[in-house]
Amino acid sequence: MISAIWDNLKGLYSLLVGMCITARYFFAPRKTVHYPRKVVDPEDLAAYRGPLELTRGKDDESRTRCISCQMCAKGCPGNCITVVKGAEGKLPSTWLYDFSLCCLCGACVEVCPAAAIDFSHRLYLVTTTREELVMDLLADLKSRAAAGPLKPEAGAPEALEAGGGAAAAAALAEAVKSSKAAAGAAGSAVRKEG
Ligand code: SF4
Ligand code: SF4
C-alpha cells in the first residue's frame, strides 16, 4: 500500500517536472520565424553557413584575395572547387564552386592562407536545377562589389541568376577538360623524357 502511494507520488512529481519544462519553452521567446511573413534577423545569421563566397579585397573590393594556391580545392572532400590560375600574377581566372556537392565542412575556409573565402549568410536561395548550384564566385564577387557595401539579407528568396549557373557549369566542364588535357600533356612529356 505504502509503496503504491510512493510510486504515485513519484509519478506525479515526474509529471510536474515535465509540465514545468513544457511551460518554460511555451512562454520563451520564439526561435523560429513565420516565413515568408517574417525573416530571420541578420544578427542571428552570424554563425550560419550559406554557400561559399570570395572575401573582398582590401584595396579593391571587386578583386579577390585568392592567390590560386589550390589548397582549398585539394583539401575539399566533395571535389566542389575548381580554381584556375590566370595569366595575371597569382590571381585566378576561374573560381567555380558546386554548392550541390558541398557539405559545408569548412575545410577550405580553414586551410586558405589568404583568407580569400568564407561562408556567406545567404539563406533564401531557390533553384530548380542542379546546374544552377555551380557558382562562379569571381562573377559573384564583382556583382556584390558593384552593389556596394554588404547589406543585410532581404527577405525574398534569392533566385540564382538565370543562366549564371548553367554558364558556370559549362565553364566548370571546360576547366576540368583543360586540366585533364594539361595533365595528359605533362604525362606524355614525362614518358618521353623517360
Ligand atoms: S565547405 Fe567543405 S565540402 Fe564545401 S567546398 Fe569547402 S571543403 Fe569542400
Ligand atoms: S586556398 Fe585560398 S588562396 Fe588558395 S586557391 Fe583556395 S581560395 Fe585561393
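Read-outs: derived from the displayed coordinates by stated rules, not from any lab. What you see is a predicted model; the values in this text were computed from it and never measured.
Check MET135: other-chain or 5+ apart residues with amide H under 5 Å from its amide H, H built from backbone geometry?
Here TYR97, ASP98, PHE99 satisfy the definition.
Just to confirm my numbers, what's the Cα centroid distance between the range 1-34 and the range 70-123 in Å?
About 49 Å separates the Cα centre of the range 1-34 from the one of the range 70-123.
Near the amide H of ARG122, under 5 Å away, which other amide H atoms are found, from residues 5 or more places off or on another chain, if H is placed in the peptide plane?
Residues meeting the criterion, in which the H sits 1.01 Å from N, are GLY50.
Can you work out the Karplus-derived ³J(HN,Hα) for every residue in the range 20-31? Use 6.51 cos²θ - 1.76 cosθ + 1.60 with θ = phi - 60°, whole Hz, and x for glycine or proline.
Coupling constants for the range 20-31: 5, 4, 4, 5, 4, 6, 5, 9, 5, x, 6, 8 Hz.
Considering only Cα-Cα distances, which of the following residue pairs are longer than 24 Å: LYS58/LYS142; LYS31/LYS142; LYS85/LYS142?
Values: LYS58/LYS142 14 Å; LYS31/LYS142 34 Å; LYS85/LYS142 18 Å.
Among LYS58/LYS142; LYS31/LYS142; LYS85/LYS142, the Cα-Cα distance tops 24 Å for LYS31/LYS142.
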